[in-house]
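Undergrad: Can you keep this structure in mind? I'll have questions shortly.
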Amino acid sequence: MEMSDGIYANVETTHNIKPISTLDKNPPPNPGEQQPGRRNYRLTAVCLGLLTVLLLIIITAISIHCE
C-alpha cells in the first residue's frame, strides 16, 4: 500500500464544503454595545498594571532598606 493513496483519499469531499465566515456566526454588534471579550482584556490590563505598580513599590522598598 502506498502512502500517497491514503493521504489524498478524501480530497473530493473537501471541495464541496462551504467555509463559514465569522460574519455568518456572529452578527456585528451595535455601536454602543461592548463585546464580551473586550471586558476580559480590560480586566487583564488593569490587573497587570496593578501588579507592576506593586512590584515597583516592593523593589523600591527593598533597595531603600538595603542601603
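Undergrad: In a shell of Cβ-Cβ distance under 15 Å around V46, excluding V46 itself, what net charge do Lys and Arg (+1) and Asp and Glu (-1) give? Walk me through the intermediate numbers first.
TA: Details: positive: R38, R39, R42; negative: none.
Once positives and negatives cancel, what remains is +3.
Undergrad: On full extension of the chain, what length is gained from L50 through I64, given 0.36 nm per residue of separation minus the C-alpha to C-alpha distance? If you can, show how the numbers build up before the last one.
TA: Numbers: separation 14, 0.36 × 14 = 5.04 nm, distance 2.12 nm.
Separation in residues times 0.36 nm, less the Cα-Cα distance, equals 2.9 nm.
Undergrad: In which sequence would C66, C47 go, from the one with the fewest C-beta neighbours within 10 Å to the one with the most? Display every interim value, and only then the final one.
TA: Values: C66 6, C47 10.
If I rank by nearby Cβ atoms, fewest first, I get C66, C47.
Values quoted throughout were computed directly from the atomic coordinates according to the rules given, and no laboratory measurement underlies them. Bear in mind that the values here come from a model prediction, so they are computed numbers and not experimental data. Every residue, glycine among them, receives a Cβ derived from its backbone with ideal geometry; neighbour counts consider all protein chains shown.
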